[in-house]
Amino acid sequence: MKRGENMIFDINQTGFPSAKHKTIWRCGCLILPEELSLSGKVKTLMDADLYESCREMRQFLLHTLSDMYEHADIYDFEPWQLFSFWINIIGNDTPETRGRADVTASMRGKSMAANAKGLYANVIANTGIEFITGDGKTEIINNLYPDMFPAMRDMQRYVRVKKERASLENSFQTCDFRRICPGYKYDKTERRVYMRELEDRIPLILGGDARTAALEFAAYLREKKINLKWTGIQNNYSATGVTYGEGKGIAYVGLGDVYQRGGSDGWIVSVTLENIGAYEQTVINEGLRDFIIDNIYFCDKTAVNACNGGEKSIYACHRGKDVAVLGEEVKYVCRIRNQKSVSVYVHDPNEAAMGKIKRLLEMEQAARAGK
């Protein structure tokens with residue numbers, strides 16, 4: 001039995017020797033289960049040779065992550081870097097032979113081969129890969145998974161055509177072979193895409209009290225019929241599939257969202273209050289005014305640093321905007337996420353904050369329903 005067939009990344013695992021181990025484990029969990037990525041429907045539509053190649057590619061990537069997990073202390077790179085390496089190196093390849101990949105003799109090809117012999121040498125050797133250089137080219141073979149290359153090429157082409165970034169979410173890493181299956185179409189009777197629902201993703205990102213709180217909040221949203229969908233960006237979920245602008249959703253959850261003030265294992269809850277004027281007095285009576293003011297989403301609280309570097313920054317969103325909220329002028333409010341509405345962002349909310357968030361959601365939901 002090949003190693004990849006026997007390597008299972010348990011989504012319920014909670015303890016890790018280090019943060020790096022958790023990162024590698026998370027990548028393993030994101031790989032689609034075989035019964036979904038290589039379902040009976042795929043097998044019926046896909047050429048038998050390509051089907052077997054897809055199976056071997058999946059086994060190879062699982063084996064790679066398994067080896068990285070066991071030897072995390074000696075590897076100075078993250079899993080996404082190694083997967084990005086494969087996307088690039090196969091992208092340099094135009095062979096017809098099934099059981100190998102040929103890297104051209106360009107400087108890029110030579111550089112990749114050298115990198116494989118250096119930075120990635122141990123993990124590549126442990127997973128069957130061998131680089132053979134000669135006659136002006138570098139040939140890649142795999143002694144454990146010799147038929148993996150056709151699927152890797154097809155998946156690489158799909159990623160490039162769709163202009164997907166090499167990340168934890170793209171089709172190359174998740175091994176979603178349905179994307180390269182000729183004639184394959186999703187239908188309503190098919191299972192949901194694995195690990196894309198908020199409740200599925202939470203255990204991969206959060207632990208301890210944060211995990212418990214986030215799962216409870218997800219259940220609350222379901223009860224209130226507020227359906228958060230994956231936005232296609234990192235681990236972000238929004239009521240409408242987008243995270244900004246007026247009328248674009250009542251709630252947002254970000255998991256491990258560093259950009260939104262969070263930490264790598266933190267989470268963020270946001271409420272968009274488009275109709276705050278309709279329940280302003282209730283907000284004041286229930287002591288929620290300061291909570292809203294203190295947690296409005298700012299580009300930054302100073303004009304110089306607003307929007308990642310101010311007005312002259314290439315990352316700027318024209319700095320913040322002064323907004324009147326509950327009778328108070330609030331400066332430098334992010335204009336991307338606040339047009340005429342007010343967005344309240346809370347990082348790692350405690351029990352008291354969660355109660356206030358839910359109360360604001362209920363008032364906003366009622367105001368929208370009354371329009």
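The values are calculated or read from the model by the stated rules, or taken from the named source; none is laboratory data. Quick caveat: nothing in here was measured; it's all calculated off a predicted structure. Please note: Cβ atoms are built from the backbone with ideal geometry, for glycine as well, and neighbour counts cover all protein chains shown.
Observations on the structure shown:
- Any chance residue 69 is in the same structural domain as residue 176 (by TED's automatic domain parsing), part of a helix (DSSP H, G or I), modelled with pLDDT of 90 or more and farther than 22 Å from residue 156 by Cβ: yes
- Some residue of the stretch 222-234 being charged (D, E, K, R), more than 30 Å from residue 269 (Cα to Cα) and modelled with pLDDT of 90 or more: no
- Reported count of residues in the stretch 258-298, each being closer than 28 Å to residue 24 by Cβ and at pLDDT below 80, is 8.
- All of (1) within 24 Å of the chain's Cα centre (by Cα); (2) of a type outside the set (Lys, Arg); (3) at pLDDT 85 or above hold for residue 85 with one exception: (3).
- Any hit, the stretch 48-63, residues being outside any helix (DSSP H, G or I) and either farther than 23 Å from residue 20 by Cβ or modelled with pLDDT under 85 (or both): no
- Of all residues assigned to the stretch 200-211, none qualifies as being at pLDDT 85 or above, closer than 30 Å to residue 49 by Cβ and β-branched (Val, Ile, Thr).
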